[in-house]
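Here's the structure, in structure tokens; my notes come after.
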Amino acid sequence: MRIFLPGLLLLANSAAVSACPEGSETLISCTFKDGVRTLTTCLQGEQATYVFGRPGRQPELEMKRDVRDVDMTPWPGIGGSIWEEAIFSNGNVRYIVYYSLSKDPGARFPMEAGVIVEQNGEELAHLRCDAGSVDSGYPLPLFDAKVAAGQVYSLETGQWE
């Protein structure tokens with residue numbers, strides 16, 4: 001059974017929350033609250049997916065988007081960490097999935113990540129990934145996929161054109 005909402009595809013018979021499917025690349029994935037919930041974002045060709053929920057169960061939220069419809073903020077090349085964001089939208093709700101890699105060689109957990117949920121610009125939730133559970137890194141393959149799809153990132157405006 002499939003339920004279509006504007007820009008959102010929910011698969012009622014979809015696979016349980018897990019790692020990215022074979023043939024796809026991980027964007028940012030991790031666990032929350034000692035593994036109680038999992039976030040997996042993947043890239044396969046021109047499709048990016050966002051899957052959130054309890055491991056081994058049906059996803060609580062699953063989105064599949066064309067890479068042109070997933071916003072991305074690439075690392076600007078400065079600062080004490082390397083970071084990027086992938087932004088999945090569902091109506092007026094944005095899911096800002098991010099990672100940050102500390103340049104400090106002494107950092108105990110140099111990789112941090114999470115998801116910020118916003119509605120109409122107001123933060124509804126900020127979930128931080130469990131330490132040591134983050135699978136990601138610079139550069140996200142989403143940047144190259146967006147370029148391959150004909151988009152250009154403007155450093156001046158911070159927007160994809």
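Things worth noting here:
- When segment 90-161 is reduced to its Cα atoms, the Kirkwood hydrodynamic radius in Å: 14.5
- Karplus-derived HN-Hα couplings along segment 110-119 (A = 6.51, B = -1.76, C = 1.60, θ = phi - 60°), whole Hz, x at Gly and Pro: x, 9, 10, 7, x, 9, 10, 9, 10, 10
- Footprinting exposure proxy ranking of L27, L43, L155, fewest other C-beta atoms within 10 angstrom first, gives L155, L43, L27.
- Lys/Arg +1, Asp/Glu -1 at C-beta; segment 97-161 dipole; positive extreme among G150, G137, L127: G137
- At an R0 of 25 angstrom, the distance between the Cβ atoms of E46 and E161 translates into a FRET efficiency of 0.90.
- Charge dipole (debye, nearest 20) of segment 2-148; +1 at Cβ of Lys and Arg, -1 at Cβ of Asp and Glu: 300
Rule-based calculations on the coordinates, nothing more; no lab input. Note that the coordinates shown come from a computational prediction; the quantities given were computed from them, not determined experimentally. Using ideal geometry, Cβ is built from the backbone for each residue, glycine included, and neighbour counts are taken over all protein chains shown.
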